[in-house]
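Nothing in this text is a laboratory measurement; each read-out follows from the coordinates by a stated rule. Here the structure is a predicted model, which means the values were calculated and not measured. Note that we place each Cβ from the backbone using ideal geometry, even for glycine, and neighbour counts take in every protein chain shown.
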Amino acid sequence: MLEEESVLQRIVRGIVQIVVVIALARLCVYSFGTVGTMPGQSMRPALEDGDRVLLDRLSLRLKGPGRCDIVLFTSPVTGNINMKRVMGLPGETVQIREGQLLINGEPLEGEAGDLYGRASIAGLAERPVLLGENEYFVLGDNREVSEDSRFETVGNVPLKNMTGRVWFRTAPFEQIGLVR
């Protein structure tokens, strides 16, 4: 004879299932990713100072970052932690001429060029910068205040210095969602 499940048993089973799902989700996030906090105003408007984000470590290690990905990295020069957008990829030549970002001598095309291409200060990129194997050229979206690959304090960023690719904002609450 089968006994009917009591209301209390169903509630307890539901709570246990929720706890297990949350624990598994947390395990996945922290095993394959990590969390970070945006330091400063250099990525405005995409990210604001203090925004908390989830980082994807696994795909960064498997295939490396792509153009326009936002990455968290440690500066190879100062050791400071930064979050910037990847604009130049290994083997490419990057230059900023008259505010225009050039990749291999050509203006960056499409949405990437329209949204992220202008930089009034060329810095080190005034002359062509050749990126070595596993080196990336990063720029902040807020170019006027960003300390990025245009300056000696950051320079070209090796893949080994990157912690993860930013993909989701977790705080502030009203801004929760995917990051572009």
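For this structure, a couple of remarks:
Yes/no per residue for (1) of a type in the set (D, E); (2) closer than 13 Å to L54 by Cα; (3) touching an Asp or Glu at 6+ places or on another chain (Cβ under 9 Å):
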residue: N156; (1), (2), (3): no, no, yes
residue: K160; (1), (2), (3): no, no, no
residue: T163; (1), (2), (3): no, yes, no
residue: T170; (1), (2), (3): no, yes, yes
residue: I176; (1), (2), (3): no, yes, no
residue: V179; (1), (2), (3): no, yes, yes
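- Considering residues of segment 133-172 that are acidic (D, E) and in a loop (DSSP other than H, G, I, E, B) only, the residue surrounded by the fewest Cβ atoms within 10 Å (Cβ to Cβ): E133
- Output for segment 31-40, where each listed residue is more than 10 Å from the chain's Cα centre (by Cα), outside any loop (DSSP other than H, G, I, E, B) and touching a residue at least 40 places away in the same chain (Cβ under 8 Å): G33, T34, V35
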